[in-house]
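J.: If you scroll down you'll find the structure; I have some questions about it.
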Amino acid sequence: MAVTANSVRTGMIAMLAAKLPAYDVIGDGPASGNDMQLLVELPAVSQTAMLGNMCSRTFGFAIHYSDGGGGAAELHGVAEQLYEALDQVDVGGVRYRTANMRHEVADGKLAFRFEMVMRLRRSEQELPKMGALEQEAGVK
């Protein structure tokens, strides 16, 4: 399976939905009226070339959650659950560690951000093989 931004995003949504079944984990559109809804976004992806045919791709995720009536204590509690759930993540059958996890509570909303770094092997293009040469001989 090729690693694309969309495959990592959908894998992260599925993994969070499995680890946090009490929440409705969505990936598109504005949050509906449901109080127990986590909106997962992938606003930034960067790639750095490495030696050979390797590259390092960094996925910067953002998770948003609105206050369900419990105030700041509830929002910090949701953040703690996210810290535990996102320590190691399985995406596409491979386990990764997350980095730079942080959260911010402001105006009754939780903004949780983290990064995930993948080392990828780029596929090399198949070069055409040399064809057979025809030999001709003649007498002068």
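The values are calculated or read from the model by the stated rules, or taken from the named source; none is laboratory data. Because the structure is predicted, anything quoted here is derived from the model rather than measured. Neighbour counts run over all protein chains shown; Cβ positions are idealised from the backbone, glycine included. The area values use the complete protein model at the heavy-atom level, side chains included, leaving out ligands, DNA and RNA. Shrake-Rupley method; radii C 1.70, N 1.55, O 1.52, S 1.80 Å.
J.: Within the stretch 93-107, work out how many residues are surrounded by 14 or more Cβ atoms within 10 Å (Cβ to Cβ) and out of contact with any Phe, Trp or Tyr (no Cβ under 7 Å at 6 or more places or on another chain).
T.: Number satisfying all stated conditions: 2.
J.: Shifting gears a bit: Is there a residue in the stretch 110-117 that is open to solvent by 100 Å² or more (accessible area, probe 1.4 Å) and either touching a residue at least 24 places away in the same chain (Cβ under 8 Å) or in a loop (DSSP other than H, G, I, E, B) (or both)?
T.: No, the conditions are met nowhere in the stretch 110-117.
J.: Here is a follow-up. So, of the residues in the stretch 121-140 that are open to solvent by 100 Å² or more (accessible area, probe 1.4 Å), under 26 Å from Arg57 (Cα atoms) and part of a loop (DSSP other than H, G, I, E, B), which turns out to be modelled with the highest pLDDT?
T.: Here the residue is Ser123.
J.: Among the residues of the stretch 27-44, is there at least one that is outside any strand (DSSP E or B), open to solvent by less than 50 Å² (accessible area, probe 1.4 Å) and either in contact (Cβ under 8 Å) with a residue 60 or more places away in the chain or touching a Cys at 6+ places or on another chain (Cβ under 6 Å) (or both)?
T.: no
J.: Further, regarding this structure: Looking at the stretch 39-50, is at least one residue more than 21 Å from Val3 (Cβ to Cβ) and at pLDDT 90 or above?
T.: The answer is yes; a qualifying residue exists.
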